[in-house]
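Structure first, then comments.
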Amino acid sequence: MKTRSDILRLIEEEDVEFIRLQFTDVFGNLKNIAVTLGQIDRVLGNQFSIEGSALFDELYDPGMNLYLHPVLDSFVILPWRPQQGKVGKFICDVCYRNGELFEMSPRTILKKVLDQAAGEGYAFIVDPECEFFLFHTDDNGTPTTITHEKAGYLDVGPLDLGENARRDMVLTLEQMGFDIESSHHEKGPAQHEIDFTQGEALETADSLMTFKFAIRSIAKRFGLYATFMPKPRTDVTGSGMHLNLSLYKDGKNLFHGEDEYGVSEEARYFMGGIMKHAAALCAVTNPIVNSYKRILSGFGAPGKIDWSTRGEKTMLKCHNLLGESKVELRFPDPAANPYLAIAVCIAAGMDGIHKKLEPGEENAADAKPLPGNLKDAIVLFEQDPLMKEVLGEELTKIYAKLKNDEWNDYMLQVSDWEVGRYLVKM
């Protein structure tokens, strides 16, 4: 655990001159305030405030100033910034003036879910797998979906043109304290994956936000744009953000069973809870219009509410890797807010454990489909009482309204596909 003295000593030793106070809005966008070292006492005294609208993309304002409380253990120096006058950053909790956590902050929501689980003696470990694309920018620096490479799954250079950028990303992340397990080219041209080691659920959500920030920053140095858009091109596989969850109690992995697949009752019940709430969860785990282009694509993404101990296309996969039993959630995508996605999935799984919900037959032929679009997911999200329990009544209403507005805006747009399909025929 870092202390105030540790932070001040590190800042002096490393010649840090700028500090970024980062937090995440409800949509999973990273936000920050940048201050100079002269403000460090105010930073550590939790004296910097933001407008409440900053958490809601300025579309909703709770009508108050909120305060940024730096998480001391999250302090890290950004390796890609100048080495003279370095830049450090904190991840912050968002709080009221009196220091109480703001209940609609995504980090607060995940904390609440984990505290409830901890009250029953449970702890969750999360092992993420986050995919992304590296595309070219145009002459103005604007991102495109253009790539010149033809590499596929696990290909190497020179076929893998992103190999050098990916290597720098790994080295940079390690400088920032990440323990990187592996990196490789994914199935689509210009698609990549970098995996870091598992951690406690809140720590993993923090790390995912820092991970995406670092990946985008390093890509820019190579003249590339890193996008976590789920399905940026029609003709290739989409990007997922698989979440491998393990449940512990008294130091024991409760998902580990004695059957041939290593599946315990708790693992089955956890999957049963996820499956019960899956359609509503999608509004959070697959939160944008484009998310459903991945789900419907048939490129290996799960499309049904099913589970398996093997197979690539199932929504849930329960497996034992090197003695570590995990339930893999394969439907979330990297557009999701990690805090909210992990929170609602854990809550759904715990609901299954409390109610002993069976997941049904493995690879069931009559498995129901996942929602086909964002509108359907939002309708089911609003109907599920668990979502209100996790997010709160007010945030559930706000989130549903903003996502319905997003869907309506999408439906008003005339796409190139429509023009090509209908202009001459009609």
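A compact table of results
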item	result
Residue within region 267-286 that is modelled with pLDDT of 95 or more, basic (Lys, Arg) and open to solvent by less than 50 Å² (accessible area, probe 1.4 Å) present	no
Output for region 66-81, where each listed residue is aliphatic (A, V, I, L, M) and part of a helix (DSSP H, G or I)	72
Single match in 376, 351, 333 (criterion: modelled with pLDDT of 95 or more, part of a helix (DSSP H, G or I) and over 25 Å from residue 123 (Cβ atoms))	376
Whichever residue in region 1-36 is open to solvent by 50 Å² or more (accessible area, probe 1.4 Å) and hydroxyl-bearing (Ser, Thr, Tyr) and, among such residues, is nearest to residue 109 (Cα to Cα)	3
Lone qualifier among 272, 238 - being small (Gly, Ala, Ser), within 28 Å of residue 106 (Cβ to Cβ) and in a helix (DSSP H, G or I)	272
Boolean, residue 356 is closer than 30 Å to residue 23 by Cβ and either at pLDDT below 95 or open to solvent by 10 Å² or more (accessible area, probe 1.4 Å) (or both)	no
Single condition residue 396 does not satisfy, out of (1) of a type in the set (Val, Ile, Thr); (2) open to solvent by 20 Å² or more (accessible area, probe 1.4 Å); (3) farther than 25 Å from residue 307 by Cα	(2)
Every pair of residues 6+ apart whose Cβ atoms lie under 8 Å, when the first sits in region 344-365 and is more than 24 Å from residue 286 (Cα to Cα) while the second is crowded, with 21+ Cβ neighbours inside 10 Å and among the β-branched types (Val, Ile, Thr)	none
Options 186, 174; residue that is surrounded by 19 or more Cβ atoms within 10 Å (Cβ to Cβ), at pLDDT 95 or above and closer than 14 Å to residue 215 by Cβ	186
Criterion violated by residue 99 - all others in (1) without any contact (Cβ under 8 Å) to a residue 24 or more places away in the chain; (2) part of a loop (DSSP other than H, G, I, E, B) satisfied	(1)
Within region 109-155, tally of residues that are more than 20 Å from residue 333 (Cα to Cα), of a type in the set (A, V, I, L, M) and in contact (Cβ under 8 Å) with a residue 24 or more places away in the chain	6
Where residue 166 falls short, out of the listed (1) surrounded by fewer than 20 Cβ atoms within 10 Å (Cβ to Cβ); (2) of a type in the set (Lys, Arg); (3) within 22 Å of the chain's Cα centre (by Cα)	(1)
Flag if residue 125 is within 22 Å of residue 188 (Cβ to Cβ) and of a type in the set (A, V, I, L, M)	no
Scan of region 310-349 for residues that are open to solvent by 20 Å² or more (accessible area, probe 1.4 Å) and among the polar types (S, T, N, Q), ordered by number	320
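The values are calculated or read from the model by the stated rules, or taken from the named source; none is laboratory data. Note that the structure is predicted; figures quoted are calculated from it, not measured. Don't worry about glycine lacking a Cβ; one is built from the backbone with ideal geometry, like all the others, and counts go over all protein chains shown. Remember, those area values only see protein heavy atoms, side chains included, never the ligands or the DNA or RNA. Shrake-Rupley method; radii C 1.70, N 1.55, O 1.52, S 1.80 Å.
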